[in-house]
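One structure is given below, encoded as C-alpha coordinates.
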Amino acid sequence: MSQTAQLHLVLGDEEFLVERAVASVVATVRGASDNPTDVPVERLRTGDATPAELAELLSPSLFAEDKVIVLEAAAEAGKDAVALVQDAAAAPPDGFTLVVLHSGGGRAKAMVGVLQKSGAQVHECAKLKASERVDFVRGEFRAAGARVSPEVIETILDAVGSDLRELAAACSQLVADTGGRIDAAAVHRYYSGKAEVSGFDVAELAVAGNRPGALEALRWAMLRGVPHVLLADALADAVHTIARVDSAGRGDPFKMASGLGMAPWKVKKAQAQARGWSPETLGVALRVVAQLNADVKGGAADADYAVEYAVGRVAELRS
(Lines give C-alpha, C1' and ligand atoms only; values in the text may rest on other atoms or scores of the structure.)
Protein backbone atom coordinates (compact mmCIF):
# COMPACT_ATOMS: atom_id res chain seq x y z
CA MET A 1 0.00 0.00 0.00
CA SER A 2 1.11 3.59 -0.52
CA GLN A 3 1.48 5.80 2.53
CA THR A 4 -1.50 7.89 1.47
CA ALA A 5 -3.68 4.75 1.24
CA GLN A 6 -2.49 3.69 4.70
CA LEU A 7 -3.50 6.89 6.45
CA HIS A 8 -7.01 8.34 6.58
CA LEU A 9 -8.38 11.35 8.45
CA VAL A 10 -12.15 11.27 8.97
CA LEU A 11 -12.81 14.90 9.79
CA GLY A 12 -16.09 16.06 11.34
CA ASP A 13 -18.82 14.87 13.69
CA GLU A 14 -21.74 13.93 11.45
CA GLU A 15 -22.21 10.37 12.71
CA PHE A 16 -23.71 8.92 9.53
CA LEU A 17 -20.99 10.36 7.29
CA VAL A 18 -18.29 9.18 9.71
CA GLU A 19 -19.68 5.64 9.71
CA ARG A 20 -19.92 5.65 5.94
CA ALA A 21 -16.32 6.88 5.56
CA VAL A 22 -14.97 4.19 7.89
CA ALA A 23 -16.99 1.48 6.12
CA SER A 24 -15.64 2.69 2.77
CA VAL A 25 -12.02 2.48 3.95
CA VAL A 26 -12.55 -1.00 5.40
CA ALA A 27 -14.22 -2.19 2.19
CA THR A 28 -11.35 -0.83 0.09
CA VAL A 29 -8.70 -2.51 2.23
CA ARG A 30 -10.53 -5.82 2.23
CA GLY A 31 -11.15 -5.57 -1.50
CA ALA A 32 -7.40 -5.24 -2.10
CA SER A 33 -6.51 -8.14 0.20
CA ASP A 34 -5.92 -11.71 -0.88
CA ASN A 35 -7.92 -12.80 2.16
CA PRO A 36 -10.67 -10.19 2.66
CA THR A 37 -12.33 -12.05 5.53
CA ASP A 38 -9.05 -12.18 7.45
CA VAL A 39 -8.57 -8.39 7.64
CA PRO A 40 -9.41 -7.42 11.22
CA VAL A 41 -10.74 -4.03 12.26
CA GLU A 42 -9.67 -2.81 15.68
CA ARG A 43 -11.21 0.30 17.23
CA LEU A 44 -10.02 2.31 20.19
CA ARG A 45 -11.20 5.59 21.72
CA THR A 46 -8.04 7.66 21.63
CA GLY A 47 -9.34 10.11 24.18
CA ASP A 48 -9.89 7.35 26.76
CA ALA A 49 -6.95 5.05 25.97
CA THR A 50 -3.75 4.99 28.00
CA PRO A 51 -0.48 5.58 26.14
CA ALA A 52 0.42 1.93 26.81
CA GLU A 53 -2.81 0.66 25.22
CA LEU A 54 -2.31 2.90 22.22
CA ALA A 55 1.36 1.95 21.82
CA GLU A 56 0.47 -1.76 21.88
CA LEU A 57 -2.23 -1.31 19.25
CA LEU A 58 0.09 0.65 16.96
CA SER A 59 3.04 -1.71 17.32
CA PRO A 60 4.06 -3.36 14.03
CA SER A 61 3.27 -7.03 13.60
CA LEU A 62 5.98 -9.62 13.01
CA PHE A 63 4.04 -10.92 10.04
CA ALA A 64 2.92 -7.52 8.65
CA GLU A 65 -0.62 -8.81 8.18
CA ASP A 66 -3.29 -6.44 6.86
CA LYS A 67 -5.17 -4.67 9.62
CA VAL A 68 -7.42 -1.60 9.90
CA ILE A 69 -7.01 0.46 13.06
CA VAL A 70 -9.74 3.00 13.78
CA LEU A 71 -8.82 5.61 16.36
CA GLU A 72 -11.97 7.31 17.65
CA ALA A 73 -12.30 10.59 19.57
CA ALA A 74 -8.82 11.74 18.52
CA ALA A 75 -9.76 15.35 19.27
CA GLU A 76 -9.80 14.52 23.00
CA ALA A 77 -6.45 12.73 23.10
CA GLY A 78 -3.86 13.73 25.67
CA LYS A 79 -0.34 14.91 24.86
CA ASP A 80 1.30 11.46 24.98
CA ALA A 81 -1.47 9.84 22.92
CA VAL A 82 -1.23 12.61 20.32
CA ALA A 83 2.52 11.99 19.96
CA LEU A 84 1.98 8.25 19.47
CA VAL A 85 -0.71 8.78 16.83
CA GLN A 86 1.36 11.35 14.96
CA ASP A 87 4.45 9.10 14.99
CA ALA A 88 2.43 6.19 13.63
CA ALA A 89 0.87 8.45 10.98
CA ALA A 90 4.29 9.60 9.81
CA ALA A 91 5.35 6.01 9.10
CA PRO A 92 2.47 3.51 9.32
CA PRO A 93 3.69 -0.08 9.88
CA ASP A 94 3.51 -2.39 6.88
CA GLY A 95 0.05 -3.80 6.40
CA PHE A 96 -1.58 -1.26 8.72
CA THR A 97 -4.30 1.12 7.57
CA LEU A 98 -4.72 3.86 10.13
CA VAL A 99 -8.08 5.67 10.29
CA VAL A 100 -8.21 8.67 12.64
CA LEU A 101 -11.61 10.06 13.60
CA HIS A 102 -11.31 13.73 14.55
CA SER A 103 -14.06 16.29 15.14
CA GLY A 104 -11.83 19.15 14.01
CA GLY A 105 -11.79 20.83 17.42
CA GLY A 106 -10.93 19.72 20.94
CA ARG A 107 -7.67 19.90 22.82
CA ALA A 108 -5.87 17.95 20.07
CA LYS A 109 -7.02 20.31 17.32
CA ALA A 110 -3.46 20.74 15.99
CA MET A 111 -3.34 17.02 15.13
CA VAL A 112 -5.46 17.71 12.04
CA GLY A 113 -2.76 19.76 10.34
CA VAL A 114 -0.05 17.27 11.27
CA LEU A 115 -1.97 14.34 9.78
CA GLN A 116 -2.68 16.29 6.61
CA LYS A 117 1.04 17.05 6.22
CA SER A 118 1.72 13.33 6.72
CA GLY A 119 -0.33 12.67 3.58
CA ALA A 120 -3.62 11.60 5.12
CA GLN A 121 -6.53 11.05 2.78
CA VAL A 122 -9.17 13.37 4.22
CA HIS A 123 -12.85 12.39 4.41
CA GLU A 124 -14.98 15.47 5.14
CA CYS A 125 -17.75 14.54 7.57
CA ALA A 126 -18.87 17.86 9.08
CA LYS A 127 -22.54 18.34 9.94
CA LEU A 128 -24.42 19.62 6.91
CA LYS A 129 -26.22 22.95 6.67
CA ALA A 130 -29.75 23.05 5.29
CA SER A 131 -28.53 24.08 1.82
CA GLU A 132 -25.92 21.29 1.82
CA ARG A 133 -28.57 18.65 2.47
CA VAL A 134 -29.96 19.43 -0.98
CA ASP A 135 -26.61 18.45 -2.50
CA PHE A 136 -26.49 15.38 -0.25
CA VAL A 137 -29.86 14.11 -1.50
CA ARG A 138 -28.92 14.86 -5.11
CA GLY A 139 -25.67 12.95 -4.61
CA GLU A 140 -27.49 9.94 -3.13
CA PHE A 141 -29.73 9.71 -6.19
CA ARG A 142 -26.81 10.21 -8.55
CA ALA A 143 -24.85 7.42 -6.84
CA ALA A 144 -27.87 5.16 -7.32
CA GLY A 145 -28.01 6.03 -11.03
CA ALA A 146 -31.08 8.29 -10.86
CA ARG A 147 -31.54 11.93 -11.82
CA VAL A 148 -34.29 13.88 -10.07
CA SER A 149 -35.73 17.38 -10.24
CA PRO A 150 -35.20 20.07 -7.58
CA GLU A 151 -38.88 19.68 -6.68
CA VAL A 152 -38.34 16.01 -5.82
CA ILE A 153 -35.39 16.90 -3.60
CA GLU A 154 -37.39 19.60 -1.80
CA THR A 155 -40.32 17.22 -1.34
CA ILE A 156 -38.11 14.53 0.17
CA LEU A 157 -36.51 16.99 2.58
CA ASP A 158 -39.95 18.23 3.62
CA ALA A 159 -41.32 14.70 4.07
CA VAL A 160 -38.37 12.89 5.60
CA GLY A 161 -36.60 15.62 7.57
CA SER A 162 -32.93 16.40 8.13
CA ASP A 163 -31.54 13.10 9.43
CA LEU A 164 -28.96 11.94 6.85
CA ARG A 165 -29.42 8.26 7.60
CA GLU A 166 -33.16 8.51 6.97
CA LEU A 167 -32.62 10.62 3.85
CA ALA A 168 -30.14 8.12 2.42
CA ALA A 169 -32.52 5.23 3.13
CA ALA A 170 -35.42 7.10 1.52
CA CYS A 171 -33.43 7.82 -1.65
CA SER A 172 -32.32 4.21 -1.93
CA GLN A 173 -35.84 2.90 -1.35
CA LEU A 174 -37.39 5.26 -3.90
CA VAL A 175 -34.89 4.27 -6.59
CA ALA A 176 -35.44 0.58 -5.89
CA ASP A 177 -39.23 0.79 -5.86
CA THR A 178 -39.71 3.11 -8.84
CA GLY A 179 -36.95 1.90 -11.12
CA GLY A 180 -35.41 5.37 -10.94
CA ARG A 181 -38.48 7.15 -12.33
CA ILE A 182 -39.10 9.47 -9.40
CA ASP A 183 -41.33 12.53 -9.28
CA ALA A 184 -42.89 14.50 -6.44
CA ALA A 185 -46.06 12.41 -6.64
CA ALA A 186 -44.03 9.25 -6.02
CA VAL A 187 -42.46 10.80 -2.91
CA HIS A 188 -45.90 11.76 -1.59
CA ARG A 189 -47.20 8.24 -2.25
CA TYR A 190 -44.45 6.66 -0.22
CA TYR A 191 -44.11 9.18 2.57
CA SER A 192 -47.35 11.11 2.99
CA GLY A 193 -48.55 8.64 5.58
CA LYS A 194 -45.20 8.37 7.29
CA ALA A 195 -43.94 11.92 7.31
CA GLU A 196 -43.97 13.69 10.63
CA VAL A 197 -44.61 17.38 10.95
CA SER A 198 -41.56 19.42 9.97
CA GLY A 199 -40.66 23.08 10.21
CA PHE A 200 -41.56 23.46 6.54
CA ASP A 201 -45.11 22.23 7.21
CA VAL A 202 -45.50 24.81 9.96
CA ALA A 203 -44.05 27.61 7.81
CA GLU A 204 -46.30 26.84 4.82
CA LEU A 205 -49.43 27.00 6.94
CA ALA A 206 -48.26 30.23 8.58
CA VAL A 207 -47.49 32.12 5.35
CA ALA A 208 -50.84 30.89 3.98
CA GLY A 209 -52.60 32.62 6.89
CA ASN A 210 -53.86 29.41 8.48
CA ARG A 211 -53.16 30.34 12.10
CA PRO A 212 -55.01 27.43 13.80
CA GLY A 213 -53.42 24.91 11.43
CA ALA A 214 -49.95 26.42 11.82
CA LEU A 215 -50.11 26.41 15.61
CA GLU A 216 -51.43 22.84 15.71
CA ALA A 217 -48.64 21.70 13.37
CA LEU A 218 -46.14 23.59 15.53
CA ARG A 219 -47.25 21.73 18.64
CA TRP A 220 -46.81 18.38 16.87
CA ALA A 221 -43.38 19.44 15.64
CA MET A 222 -42.35 20.43 19.15
CA LEU A 223 -43.66 17.16 20.57
CA ARG A 224 -41.47 15.17 18.19
CA GLY A 225 -38.50 17.30 19.18
CA VAL A 226 -37.90 19.46 16.11
CA PRO A 227 -35.24 21.97 17.28
CA HIS A 228 -36.29 25.59 17.71
CA VAL A 229 -33.54 26.70 15.32
CA LEU A 230 -34.93 24.52 12.50
CA LEU A 231 -38.46 25.84 13.06
CA ALA A 232 -37.16 29.40 12.98
CA ASP A 233 -35.08 28.75 9.85
CA ALA A 234 -38.05 27.25 8.00
CA LEU A 235 -40.31 30.19 8.86
CA ALA A 236 -37.61 32.69 7.87
CA ASP A 237 -36.97 30.88 4.58
CA ALA A 238 -40.68 30.93 3.69
CA VAL A 239 -41.05 34.65 4.45
CA HIS A 240 -37.80 35.64 2.71
CA THR A 241 -38.70 33.60 -0.38
CA ILE A 242 -42.07 35.33 -0.72
CA ALA A 243 -40.47 38.74 -0.17
CA ARG A 244 -37.78 38.14 -2.81
CA VAL A 245 -40.24 36.87 -5.40
CA ASP A 246 -42.76 39.62 -4.66
CA SER A 247 -40.13 42.34 -4.99
CA ALA A 248 -39.07 40.91 -8.37
CA GLY A 249 -42.55 41.60 -9.78
CA ARG A 250 -44.77 39.44 -11.91
CA GLY A 251 -43.27 37.43 -14.72
CA ASP A 252 -42.55 34.03 -16.16
CA PRO A 253 -41.23 31.79 -13.33
CA PHE A 254 -38.83 30.08 -15.74
CA LYS A 255 -37.31 33.39 -16.83
CA MET A 256 -37.16 34.75 -13.28
CA ALA A 257 -35.67 31.61 -11.73
CA SER A 258 -32.01 32.15 -12.66
CA GLY A 259 -32.02 35.78 -11.50
CA LEU A 260 -33.53 34.80 -8.16
CA GLY A 261 -31.37 31.72 -7.75
CA MET A 262 -34.42 29.48 -7.28
CA ALA A 263 -36.02 26.59 -9.09
CA PRO A 264 -38.89 27.66 -11.41
CA TRP A 265 -41.45 25.64 -9.46
CA LYS A 266 -40.43 27.41 -6.25
CA VAL A 267 -40.80 30.82 -7.90
CA LYS A 268 -44.25 29.86 -9.16
CA LYS A 269 -45.27 28.64 -5.70
CA ALA A 270 -44.02 31.84 -4.04
CA GLN A 271 -45.88 33.96 -6.59
CA ALA A 272 -49.12 32.26 -5.56
CA GLN A 273 -48.31 32.72 -1.85
CA ALA A 274 -47.42 36.39 -2.37
CA ARG A 275 -50.96 37.27 -3.50
CA GLY A 276 -52.06 37.51 0.11
CA TRP A 277 -49.20 39.76 1.15
CA SER A 278 -48.40 43.45 0.78
CA PRO A 279 -44.99 45.15 0.99
CA GLU A 280 -46.01 46.49 4.40
CA THR A 281 -47.05 43.17 5.91
CA LEU A 282 -43.99 41.46 4.42
CA GLY A 283 -41.81 44.10 6.03
CA VAL A 284 -43.34 43.36 9.43
CA ALA A 285 -43.01 39.59 8.87
CA LEU A 286 -39.33 39.98 8.00
CA ARG A 287 -38.78 41.78 11.30
CA VAL A 288 -40.67 39.06 13.16
CA VAL A 289 -38.50 36.24 11.74
CA ALA A 290 -35.32 38.27 12.33
CA GLN A 291 -36.28 38.67 15.99
CA LEU A 292 -37.13 34.97 16.20
CA ASN A 293 -33.69 34.09 14.87
CA ALA A 294 -32.12 36.00 17.75
CA ASP A 295 -34.60 34.57 20.26
CA VAL A 296 -33.92 30.88 19.47
CA LYS A 297 -30.17 31.46 19.66
CA GLY A 298 -30.33 32.52 23.28
CA GLY A 299 -32.09 35.86 23.20
CA ALA A 300 -35.38 34.63 24.64
CA ALA A 301 -36.07 33.26 28.11
CA ASP A 302 -38.72 30.90 26.66
CA ALA A 303 -37.89 29.65 23.15
CA ASP A 304 -41.17 27.71 22.90
CA TYR A 305 -43.16 30.89 23.43
CA ALA A 306 -40.95 32.84 21.01
CA VAL A 307 -41.54 30.35 18.19
CA GLU A 308 -45.28 30.11 18.89
CA TYR A 309 -45.64 33.88 18.93
CA ALA A 310 -43.72 34.30 15.65
CA VAL A 311 -45.71 31.59 13.85
CA GLY A 312 -49.01 33.06 15.04
CA ARG A 313 -47.97 36.61 14.17
CA VAL A 314 -46.89 35.68 10.63
CA ALA A 315 -50.18 33.88 10.08
CA GLU A 316 -52.11 36.92 11.36
CA LEU A 317 -50.22 39.24 9.01
CA ARG A 318 -51.19 37.09 6.03
CA SER A 319 -54.84 36.81 7.02
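The values are calculated or read from the model by the stated rules, or taken from the named source; none is laboratory data. What you see is a predicted model, and the numbers here were worked out from it, not measured in a lab. We place every Cβ from the backbone using ideal geometry, glycine too, and count neighbours over all the protein chains shown. For accessibility, only protein heavy atoms count, side chains too; no ligands or nucleic acids. Shrake-Rupley method; radii C 1.70, N 1.55, O 1.52, S 1.80 Å.
What number of residues within segment 99-115 satisfy the criterion of being open to solvent by 10 Å² or more (accessible area, probe 1.4 Å) and in contact (Cβ under 8 Å) with a residue 60 or more places away in the chain?
4
Just a yes or no: is a residue in segment 252-275 touching a residue at least 12 places away in the same chain (Cβ under 8 Å), closer than 21 Å to residue 310 by Cα and of a type in the set (S, T, N, Q)?
Looking for residues that are touching a residue at least 12 places away in the same chain (Cβ under 8 Å), closer than 21 Å to residue 310 by Cα and of a type in the set (S, T, N, Q), one finds at least one in segment 252-275, hence yes.
Evaluate the following for residue 65: is it free of Cβ contacts under 8 Å to residues at least 24 places away in the same chain, at negative phi and open to solvent by 30 Å² or more (accessible area, probe 1.4 Å)?
Against the criterion (free of Cβ contacts under 8 Å to residues at least 24 places away in the same chain, at negative phi and open to solvent by 30 Å² or more (accessible area, probe 1.4 Å)), residue 65 does not qualify.
Name the one entry in 289, 267, 239 that is more than 23 Å from residue 150 (Cα to Cα) and β-branched (Val, Ile, Thr).
Of 289, 267, 239, the one residue that is more than 23 Å from residue 150 (Cα to Cα) and β-branched (Val, Ile, Thr) is 289.
How many residues does segment 48-86 contain that are assigned to a loop (DSSP other than H, G, I, E, B), modelled with pLDDT of 85 or more and touching a helix residue (DSSP H, G or I) at 6+ places or on another chain (Cβ under 7 Å)? I'd like the intermediate steps shown before the answer.
Here is the first cut: in segment 48-86, the residues assigned to a loop (DSSP other than H, G, I, E, B) are 48-50, 58-66, 73, 77-78.
Remaining after also requiring modelled with pLDDT of 85 or more: 73, 77-78.
Next cut, touching a helix residue (DSSP H, G or I) at 6+ places or on another chain (Cβ under 7 Å) only: 77.
Matching residues across segment 48-86 total 1.
Looking only at segment 139-160, which residues are within 27 Å of residue 217 (Cβ to Cβ) and either surrounded by fewer than 21 Cβ atoms within 10 Å (Cβ to Cβ) or of a type in the set (A, V, I, L, M, F, W, C) (or both)?
The answer is 148, 149, 150, 151, 152, 153, 154, 156, 157, 158, 159, 160.
Across segment 164-189, what is the total count of residues that are assigned to a loop (DSSP other than H, G, I, E, B), open to solvent by 40 Å² or more (accessible area, probe 1.4 Å) and in contact with a helix residue (DSSP H, G or I) (Cβ under 8 Å, 6 or more places away or on another chain)?
Total satisfying the criteria: 1.
Which of the residues that make up segment 1-23 are within 21 Å of residue 88 (Cβ to Cβ) and either in a helix (DSSP H, G or I) or open to solvent by 60 Å² or more (accessible area, probe 1.4 Å) (or both)?
Within segment 1-23, 1, 2, 3, 4, 5, 6, 18, 21, 22 meet the criteria.
Can you tell me which residue in segment 238-258 is modelled with the lowest pLDDT, limited to those that are open to solvent by 70 Å² or more (accessible area, probe 1.4 Å) and either over 24 Å from residue 280 (Cα atoms) or not charged (D, E, K, R) (or both)?
The residue in question is 258.
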